[in-house]
Each structure stands twice: as C-alpha cells, then as structure tokens.
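The values are calculated or read from the model by the stated rules, or taken from the named source; none is laboratory data. It should be emphasised that the depicted structure is a prediction, and the values quoted were computed from it without experimental measurement. As a convention, Cβ positions derive from the backbone with ideal geometry for all residues, glycine included, and neighbour counts pool all protein chains shown.
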Amino acid sequence: MKSMINKALEVIASRALTSRKFKQRNGEVVVLMYHGVVNSQPDIPDWCLLREEQFESQIKFLKDNFNVVSLSDAVEDLKNDTVNGPTAVITFDDGYQNNYEIAFPILKKYQVPATIYLTTKYIDSEETIWTGTLQDAFGKTTLNKMEWRGESLDLGSMESKRKSLATIKSMLKKEHLSVIEQSTSEIVDYLSGGEGFRIEPSSPYRMLSSDMIQNMAKSNLIEFGAHTHRHPILSGLSSQEQREEIERSVEIVSEITHARCRTFAYPNGGEDDFTEATVSVLGEVNMSSALSTMMGVCKKETPIMEYPRYGVGDDTDFKRGLHNMYSKYS
Ligand SMILES: [Zn+2]
C-alpha cells in the first residue's frame with residue numbers, strides 16, 4: 001500500500017515537473033552533449049548510446065520548449081547579448097555513423113540544427129576509438145576470463161564483461177595514448193584468439209564516412225567541429241603532441257566539409273583533461289569556441305574556450321535534468 005502511495009506521489013511530482021514551463025532565461029544557453037543513437041543497446045549496454053525513440057522524444061521536447069539554435073549562432077548571440085528565452089544547442093561527440101543513419105533523419109524531421117565533433121583518424125575507416133574497440137571485443141569474445149596486469153577478470157556473463165571492461169577502461173584512461181593503443185591491440189588479440197574483430201557497418205561504434213559528412217553539411221542543418229585525430233586525453237600529452245592532434249583534426253574537418261572548422265570539443269572534457277597549453281593551441285588555430293563536458297549553462301561571461309554542457313546518456317531523466325541544470329547553474 002505504502003509503495004502504491006509513493007508511486008502515485010512520484011507520478012504527480014513528475015507531472016508537475018514536466019508541465020512546469022521553462023522560465024524565460026534570457027542570456028543563457030544549454031548545450032546538450034550526445035554520442036550515439038541506436039535501434040537497440042548492444043549486448044554490453046553503453047551509457048553513451050540512446051535508443052532512437054528516446055532521442056526523438058527529447059528532440060520533440062526541445063523543439064516544443066526551446067529555441068534550438070546552431071552552436072555558431074549561440075556563440076554570436078551570447079557575445080551580442082541577444083539570447084532570448086530558453087535556448088538549446090545540440091552536439092554529438094566522436095562522429096559515429098549512427099549520427100547520420102539514425103539521428104540525422106530525426107533532426108531533419110523536426111528541423112533542428114546540431115554540431116558533430118569528429119575524431120578524424122577514423123573517418124572512412126573500419127577502425128574506431130579505442131573505447132569502442134574494447135566495447136566491441138568484450139561483447140564478442142567467447143572467453144570466460146582474462147588475466148590483465150596481474151588481475152583476473154571475469155568474462156562469464158554480459159554483466160561481468162561490463163564490469164571487467166569498466167575496470168580496464170578506467171585504468172587505461174590515465175595512460176599515454178601510445179600505451180592505450182598498444183594495450184587495446186593486445187587485449188583484442190587475446191580476446192579474439194589472434195584473429196581480431198571487425199567493427200561491422202551495423203556496429204554502434206562504426207564511424208562516419210566523408211560522404212555522410214558531406215551529405216549532412218549540404219543540408220545546412222549540421223555543423224562540424226574537431227575532436228582531435230585519435231581521441232587522446234590532451235592533458236596527458238606534450239604541448240607538441242597536443243598541437244599535432246588538434247591541428248590535424250582541424251585541417252581534416254575543414255577539408256572534408258569545404259568550410260573552415262571553427263569549433264572544438266575536448267576528448268573526455270573534464271577540467272583535468274586539458275591544459276592552458278591546449279587552450280593556447282586552439283587560439284592559434286583560430287577556434288572560436290571549445291566545449292568541455294563540465295556541467296553548466298553558457299552565459300555571456302562564460303569562458304568561450306570552456307563552454308560547459310549537459311551530457312545526455314541512456315539513463316538520463318531528461319526533463320528533470322534540464323530543470324536541475326537551470327536551478328543549479330543559472
Ligand atoms: Zn569523445
């Protein structure tokens with residue numbers, strides 16, 4: 001009985017919350033961060049992947065309640081103090097093929113703009129970012145356990161695979177990219193019995209092709225930004241290495257889209273994941289904005305090279321999260 005009452009109260013509270021209009025927030029922009037949109041979660045569920053209907057209902061909600069503008073318009077409007085009412089920007093990190101195949105038709109249907117940040121090494125390739133490579137290999141392996149750096153990791157069920165993968169990912173994230181790439185290839189070798197695994201065209205981790213990018217660019221709905229060449233955490237690299245990663249990705253994005261790339265998103269994007277050297281390289285390559293993954297809303301006084309975002313994952317309570325963003329950060 002008690003639980004029924006609690007349930008009823010929860011329903012009432014959530015209705016009150018979602019029916020409450022977003023107050024006019026002049027001068028504030030919320031930048032949403034997505035990664036992938038899929039028909040269904042892979043065997044090892046991934047927070048970064050939203051189901052198609054989940055994504056569509058969020059886009060519809062944004063369309064009904066916000067002015068959804070492009071990132072470049074938001075940057076200008078914030079600078080000129082001309083942001084009126086609840087305003088949102090949609091961004092995608094990494095550059096997955098499902099951004100084109102699943103998200104883009106929805107964005108077109110509702111006519112909402114978005115910016116996609118490309119990890120340029122993997123465009124037109126069958127390779128993907130190391131995290132996706134591991135996610136794919138753990139899903140496919142038939143081994144029941146593995147030894148890694150002196151630890152015995154259980155692979156006996158999807159749940160134990162998910163946990164073991166999380167352990168490896170969090171340890172590797174702290175390493176230099178060269179160590180990460182070496183370890184990833186050794187792990188895939190081991191899990192596949194030396195055969196390797198292929199990131200199939202249907203994989204949620206398959207990356208965009210340049211044709212897909214050009215098609216989206218032609219629509220005038222999608223802008224593109226750089227997200228480094230190989231997706232390292234920049235603070236772990238020397239200044240010279242950071243420069244190479246950034247310059248190369250900016251060049252490739254500009255080349256493919258036939259437009260000068262002016263915006264950047266930091267891989268991992270937390271406050272420890274980039275340095276002053278990173279920001280100064282971005283200035284030298286003429287970026288007019290850079291996005292972190294720190295939580296917050298963007299205002300006129302927000303440093304333009306550290307725009308915060310609202311990261312949306314598959315367990316995000318979208319509407320509640322948006323209300324919370326405003327109550328916490330504005
Ligand atoms: Zn990323």
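Looking at the stretch 289-330 only, could you name the residues that are assigned to a loop (DSSP other than H, G, I, E, B) and in contact with a helix residue (DSSP H, G or I) (Cβ under 6 Å, 6 or more places away or on another chain)? Working first, answer last.
First pass over the stretch 289-330, keeping only residues assigned to a loop (DSSP other than H, G, I, E, B): 292-297, 299-303, 308-309, 312-317, 330.
Of everything in the stretch 289-330, those that are assigned to a loop (DSSP other than H, G, I, E, B) and in contact with a helix residue (DSSP H, G or I) (Cβ under 6 Å, 6 or more places away or on another chain) turn out to be SER292, GLY296, VAL297, LYS300.
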Task: Identity of the residue in the stretch 246-257, touching a residue at least 12 places away in the same chain (Cβ under 8 Å) and away from the ligand (no atom under 15 Å from the Cβ), that ends up nearest to VAL281 (Cα to Cα) - done: GLU247
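In the list GLU147, GLU175, GLU101, which residue meets the criterion of being in the same structural domain as ASP272 (by TED's automatic domain parsing) and charged (D, E, K, R)?
Working: GLU147 fails: in the same structural domain as ASP272 (by TED's automatic domain parsing); GLU175 fails: in the same structural domain as ASP272 (by TED's automatic domain parsing).
Selected residue: GLU101, the only one of GLU147, GLU175, GLU101 that is in the same structural domain as ASP272 (by TED's automatic domain parsing) and charged (D, E, K, R).
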TODO: Please state which of the following conditions ARG162 fails to meet, knowing it meets all the rest: (1) within 17 Å of the chain's Cα centre (by Cα); (2) not assigned by TED's automatic domain parsing to the domain that holds ARG248.
DONE: (1)
Task: The listed residue being in a helix (DSSP H, G or I), surrounded by fewer than 23 Cβ atoms within 10 Å (Cβ to Cβ) and more than 16 Å from the ligand (Cβ to nearest atom), out of ARG243, ARG260 - done: ARG243
Open item on the list: Which count do you get for residues in the stretch 85-127 that are of a type in the set (Ser, Thr, Tyr), away from the ligand (no atom under 11 Å from the Cβ) and either modelled with pLDDT under 95 or out of contact with any Ser or Thr (no Cβ under 7 Å at 6 or more places or on another chain) (or both)?
Closed with: 4
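Condition check: touching a Cys at 6+ places or on another chain (Cβ under 7 Å) and in a helix (DSSP H, G or I). Does LEU78 satisfy that?
Details: touching a Cys at 6+ places or on another chain (Cβ under 7 Å): yes; in a helix (DSSP H, G or I): yes.
Yes; evaluated as a whole, the condition is true for this residue.
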- [ ] Within the stretch 256-289, track down each residue that is closer than 25 Å to ASN84 by Cβ and either of a type in the set (Gly, Ala, Ser) or outside the structural domain of THR120 (by TED's automatic domain parsing) (or both).
- [x] SER288, SER289
